[in-house]
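Quick one: the structure is below, and I'll ask about it shortly.
The values are calculated or read from the model by the stated rules, or taken from the named source; none is laboratory data. Keep in mind it's a predicted model, so treat the numbers as computed, not measured. Note: ideal-geometry Cβ built from the backbone for every residue, glycine included; neighbour counts use all protein chains shown. Accessible surface is based on the protein model in full, side chains and every heavy atom, while ligands, DNA and RNA are left aside. Shrake-Rupley method; radii C 1.70, N 1.55, O 1.52, S 1.80 Å.
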Amino acid sequence: MNHLPERKILSLPAVYPCEAISPDTLLSSLISLCHEILAKRVSGLYPIHRHRGAILEAIREVGLLSNFFEEVYECGFEDFPESAVVCLSELHFALQKLGFLLHDCSRKGARFWILMRSDLVLSEFRVQIRSIATALDVLPLEFINISPEAKELVRLLSMQAWTVEIELSKCDDLAIRTVRSVLNQFKRGINPDPVDLKRVLDHLQIQSWSDCDDELSFLEQELFSHIEEGHNNEVPFLGSLTGFMLYCRVVIFNSVDFKRVERKEPTTCATSIDWLSPDGLQCPISLELMTDPVTVSSGQTYDRASIKKWIKSGCLTCPVTGKMLTSTELVPNLAVRRLVEQYCRRNDILIAEPSTKHRRTVDKTDVPFCVASAGARRLAVSFLVCKLSKGGTQERRKAIYEMRKLSKSNNFHRACLVEADAVPWLLYVLSSSDPFIQDNAVAVLLNLSKHPSGRKSIFESGGIGLIIDIIKYGLKVEAKQNAAAVLFYLSSVEDYRVEIGKISEAVPTLVELLRNGMYRGKKNAAVSLFGLLESPENHPKVISAGAIPVLVSLLKCERSDIVYDSVAILEKIAERPEGTIQIIKSAVIAWVVDVLVSSTSRSGKEHCVSLLLFLCKNGGDTVVSQLGRMPSLMVELYRLVTEGTADAGKKARSILDLIHNHNEADYPVIVLPIQIHDRVIHAL
């Protein structure tokens, strides 16, 4: 019996044996089923400290049934009645469900949920044990060739299964009442007694920070799954449980067992993806890496955003096969998703988290789900800020790591941290000589900069200069990279990007990171410079800092996303005549044309053609004449007119018009046939 991780907890998907099953096959399966359940009991996987009575009774019955099935199997199947096969099939069905139920009681990270859902758990135990009793009652023992002792044992087992009491134990009841009391204190904004929290954690055998984190991860998965499915009645309950467990993780455990945390991080086999080509992981529609692959009814896989746009436009055929889609349902392709993740980790490529059905998205975390959850989270954040401001080195390390986890993908946590005045203390510890503290402080500031109140607090606390210092002098490469990303989010606010530009070292520091940084450093420096260029005041500063030669050199980079980012920045610089002049001096046109012709990215092509158009308009006849002498460019421009996006096609047509108008001034009209695929276009 395989317990798939995708199975929702307390869903018991048993399969009824087929009608034509033979007695020996059925009994063999029953024996294997019983042995599997009992083996987990022997290995200590079942948590008999919770729901002790129900679990022990279920295991006792399975053990007795196992002995009974083995004796029946040994005695043979001569004249074995059909009615007995029906009863054994009912037992098989009930035992499957019982096995799933016992597995759920021992599921990693689900201890707290199982305790607080004791009513449902015990109800399921009653149903399955009574189902066993019902099947045993109608089992025709008189026609089964087994010993009288075995028959008497079955009758006794049936009687006990009907009369056994499956009730909540006193220990479980005390733990549940303690949790409810603590949740009421959270509602009133009161810190609970740590002794009460430890009593609950000890009862659940949650003995470390990682154990607590596992519980919290499971609860959050359940919470967002219910939100996605529209089961809003469960949301306040699950929200309160996540708040309780989060508070425990923050307050009760004084240290993080980082070795266990690191083991939980995904790893990539060194040779498992050597054969992968990025072309095979590209969406057939967008021609870009599928960060959220889904499969349609034709069996083809696409990126979710692209195929949704295709279907929304009214196209109900498969783009690859041309077959009519029998359904518009999009099924997440987890296998391709894992391959994309492996490829990106192997090649140090950052990909955004997709918003798949069961994946948490940040926009769902704006609210705390219930009053108790809000209280618990605010109290936990206040505790962390206190430790960061007054604690010793180890306390600060733990506090700042917790802040990083809390703010990573939760908007409510970000708002709470800002409200608790965490930003000034985070900026203060940027000067720490401890690389761990500095690195995590920058990461927290990066997370907070994604929230409007976080950006405001960083700016008003005088954080811009400190962030720039980290880019220059940070103790770890990751800190420098994240600091550049903070500037990107700050540059999204007009007043802030103007102030950033006024700091003399800001733009030169980003250009230096763009020139000599690692991949993520280059990436973050590029997007930050692009953001700063949204303000006209920053254009001359970017040019004078020597950005153009660096960007031109990056057009030869092996990483296509860096190339496209560089083209986008050059496009932004070329919007102004003085920018165009400097770009032309760098002899970049041939490189841009090469990128345009070789690019498989639609957005990359759009940036290239837009840059060339700006160069033509601001650079005059010199640029237009040079472009007109490039046959490969002409073919590509016509291809964009006929096959590109609307925006790219419009800009390509504008460039062609400029080239044609320039040629008409000096030469007679000549019709040139240009073949694109199977069509011949006569170009003037």
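Note down the magnitude of the dipole of segment 485-600 about its Cα centre, charges +1 on Lys and Arg C-beta and -1 on Asp and Glu C-beta and zero elsewhere, to the nearest 20 debye.
Roughly 320 debye for segment 485-600.
Per residue and in cubic angstrom, what volume does the convex hull of the Cα atoms of segment 170-210 have?
Residue-normalised Cα hull volume stands at 70 Å³.
Segment 45-107: percent of C-alpha pairs farther apart than 17 Å?
50
Turning to a different aspect of this structure: Name all residues of segment 215-229 having a backbone nitrogen under 20 Å from the label point set 7 Å from the Cα of Glu329 along its Cα→Cβ direction, giving them as ranges.
225-229
Going by average Cβ neighbours within 10 Å, how do the peptides 480-491, 579-590 rank, with the highest at the top?
480-491, 579-590
Same structure, new question: Which peptide among 96-103, 326-333, 638-645, 605-612 comes first, and what is the full order, when sorted by highest mean count of other Cβ atoms within 10 Å?
The most tightly packed comes first, giving 605-612, 96-103, 638-645, 326-333.
In addition: Given the -39500 (n - 2.57) contribution per DSSP H run of 4+ residues, what per-residue ellipticity at 222 nm results for the chain, rounded to the nearest 500 deg cm²/dmol?
So the calculated ellipticity at 222 nm is -21000 deg cm²/dmol.
Against the longest principal axis of the chain, how steep is helix 477-490, in degrees 0 to 90 to the nearest 10, with axes from Cα atoms?
70
Calculate the translational D of segment 466-617 in whole µm² s⁻¹ from Stokes-Einstein, where the hydrodynamic radius comes from the Kirkwood formula applied to all Cα pairs, the temperature is 20 °C and the viscosity 1.002 mPa s.
Rounded to a whole number, D works out at 140 µm²/s.
Taking the alpha-carbon set of segment 390-438, what are its Rg and Dmax in Å?
Taking only Cα atoms of segment 390-438, I get Rg and Dmax of 10.8, 30 Å.
Further question on the same structure: Can you give me the angle between helix 393-407 and the longest principal axis of the chain, using Cα atoms only, in degrees from 0 to 90, rounded to the nearest 10?
That works out to roughly 80 degrees.
What accessible area per residue, rounded to a whole number of Å², is obtained for segment 19-169 using a probe radius of 1.4 Å?
I get 44 Å² per residue for this part.
Along the positive direction of the dipole of the chain (beta-carbon charges: Lys, Arg +1; Asp, Glu -1; about the Cα centre), which of Ile146, Leu417, Gly619 reaches farthest?
Of the options given, the answer is Gly619.
So how strong a dipole does the chain carry about its Cα centre when Lys and Arg Cβ are +1 and Asp and Glu Cβ are -1, to the nearest 20 debye?
It works out to roughly 2300 debye.
Between Val235, Ile129, Ser453, whose Cα lies farthest towards the positive end of the dipole of the chain when Lys and Arg beta carbons carry +1 and Asp and Glu beta carbons carry -1, centred on the Cα centre?
The residue sitting farthest along the positive end of the dipole is Ser453.
Measure nothing but the geometry: give the 0 to 90° angle between the long axis through the Cα atoms of 52-75 and the longest principal axis through the Cα atoms of the chain, rounded to 10°.
Taking Cα atoms only, the helix is inclined about 70 degrees.
Take the eigenvalues of the Cα gyration tensor for the chain, scale each by 5, and report the square roots as semi-axes in whole Å, largest first.
61, 36, 18
Considering only protein heavy atoms and a 1.4 Å probe, what is the carbon-and-sulfur percentage of the accessible area of segment 522-606?
Percent of accessible area from carbon and sulfur atoms in segment 522-606: 56.
Give the Rg/Rh ratio for segment 437-509, taking Rg as the radius of gyration of the Cα atoms and Rh as the Kirkwood radius, to two decimals.
Result: Rg/Rh = 0.93.
Here's something else I'd like to know. To check my understanding: the extent here is largest minus smallest coordinate of the Cα atoms along each principal axis. What are those three numbers for segment 365-470, in Å, largest first?
Computed over segment 365-470, the largest-to-smallest principal extents equal 40, 29, 19 Å.
Return the lysines within reach of Lys8: Cα separation strictly under 19 angstrom, same-chain partners fewer than 8 residues apart disregarded; answer none if there are no such residues.
Lys97, Lys108, Lys357
Mind running the shape call on segment 113-233? Use the C-alpha gyration tensor, a ≥ b ≥ c as the square roots of the eigenvalues: rounded below 1.5 for a/c, prolate if a/b tops b/c, oblate otherwise.
Here segment 113-233 falls in the prolate category.
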